[in-house]
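One structure is given below, encoded as structure tokens.
The values are calculated or read from the model by the stated rules, or taken from the named source; none is laboratory data. A quick note: this is a predicted structure, and the numbers were derived from the prediction, not measured. Note: ideal-geometry Cβ built from the backbone for every residue, glycine included; neighbour counts use all protein chains shown.
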Amino acid sequence: MKEERPAVLFHEVQPLRQWHSRVVLAVPPSALLFIAMRQIAFHRPWAHPPVSNGDLIFLSILLVAVYIRLITVRLVTDLRAAELRIGLRGLWRLRRVPLATIHCARAVRYDPVSDYGGYGVRSGAHGIGFIAYGNRGVQLELIDGSHLLVGSQRPDELAAIILQSRDAVSSYPRKA
């Protein structure tokens, strides 16, 4: 018999939208494609002794695949009945935060670069941040005193649902 999965109360998917990162990440595969075309199509070998055509094709395909993987990473936020799940799908493992461990949640504005050092999963003076783009999110203060920022384009809605769900979870009688 299949176990039922808890319903998703909030779901948000955010792409990483920094165009400059995409340009910088495109340099290695573009350079290798240029080198491969130069050697294979125009018979101008690269390096001495030259790299084999098969190796160049393999490395070109590998770098293009890595590039595509990196530019398709998404920040996914799911709120379920008992936990908040945050992760960079395709790159980083999922972070699960039980709602019972959340002391407070509030919508905030922040500067990704000065507060957290950039985009992605970052650790800074303000705690750990999961940031895709923009400057809005939900600041979570956990019972142990640590802080966690979840970047969101709907921070007011997410904070309200987290607090409602946390209160609903804490009102249930606890198991001994």
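Using the structure shown, decide if Leu25 is over 30 Å from Glu157 (Cα atoms), in a helix (DSSP H, G or I) and touching a helix residue (DSSP H, G or I) at 6+ places or on another chain (Cβ under 6 Å).
Yes: the conditions hold for Leu25.
Only one of the numbered conditions (1) modelled with pLDDT under 95; (2) surrounded by 13 or more Cβ atoms within 10 Å (Cβ to Cβ) is not met by Gly90, and that is (2).
Of everything in the range 119-140 that's loosely packed, with under 14 Cβ neighbours inside 10 Å and not hydroxyl-bearing (Ser, Thr, Tyr), which residue is modelled with the lowest pLDDT? Even if it seems obvious, please write down each step before you answer.
Step one: list which residues in the range 119-140 are loosely packed, with under 14 Cβ neighbours inside 10 Å, which gives 123, 125, 135.
Next, from what is left, pick out any that are not hydroxyl-bearing (Ser, Thr, Tyr): 125, 135.
Details: Ala125: 82, Asn135: 93.
Result: Ala125.
Being in contact (Cβ under 8 Å) with a residue 60 or more places away in the chain, within 19 Å of Val121 (Cα to Cα) and of a type in the set (D, E, K, R), is that true of even one residue in the range 60-71? Don't jump to the end; show me each part of the working.
Filtering the range 60-71 for residues in contact (Cβ under 8 Å) with a residue 60 or more places away in the chain gives none.
No, every residue in the range 60-71 fails to be in contact (Cβ under 8 Å) with a residue 60 or more places away in the chain, within 19 Å of Val121 (Cα to Cα) and of a type in the set (D, E, K, R).
Every listed requirement among (1) in a strand (DSSP E or B); (2) farther than 13 Å from Leu149 by Cβ; (3) in contact with a helix residue (DSSP H, G or I) (Cβ under 7 Å, 6 or more places away or on another chain) is met by Tyr67 save one, (1). Candidates Trp46, Trp19: the one that is exposed (fewer than 11 other Cβ atoms within 10 Å of the Cβ), of a type outside the set (S, T, N, Q) and outside the structural domain of Gln164 (by TED's automatic domain parsing) is Trp19. Within the range 73-110, being part of a loop (DSSP other than H, G, I, E, B) and touching a residue at least 40 places away in the same chain (Cβ under 8 Å) holds for Val73, Ala81, Ala82. Total residues in the range 103-118 satisfying the condition of being surrounded by 14 or more Cβ atoms within 10 Å (Cβ to Cβ) and of a type in the set (A, V, I, L, M, F, W, C): the figure is 3.
Which of the residues spanning the range 36-84 are closer than 30 Å to Ala159 by Cα and charged (D, E, K, R)? Quick ask: steps written out before the conclusion?
The initial filter retains those residues of the range 36-84 that are closer than 30 Å to Ala159 by Cα, namely 70-84.
Passing the criteria: Arg74, Asp78, Arg80, Glu83.
For the criterion of being modelled with pLDDT of 95 or more, touching a strand residue (DSSP E or B) at 6+ places or on another chain (Cβ under 7 Å) and within 21 Å of Glu12 (Cα to Cα), Pro155 passes. Could you tell me which residue of the range 141-174 is nearest to the chain's Cα centre (by Cα), considering only residues that are surrounded by 17 or more Cβ atoms within 10 Å (Cβ to Cβ) and among the hydroxyl-bearing types (Ser, Thr, Tyr)? Here the residue is Ser152.
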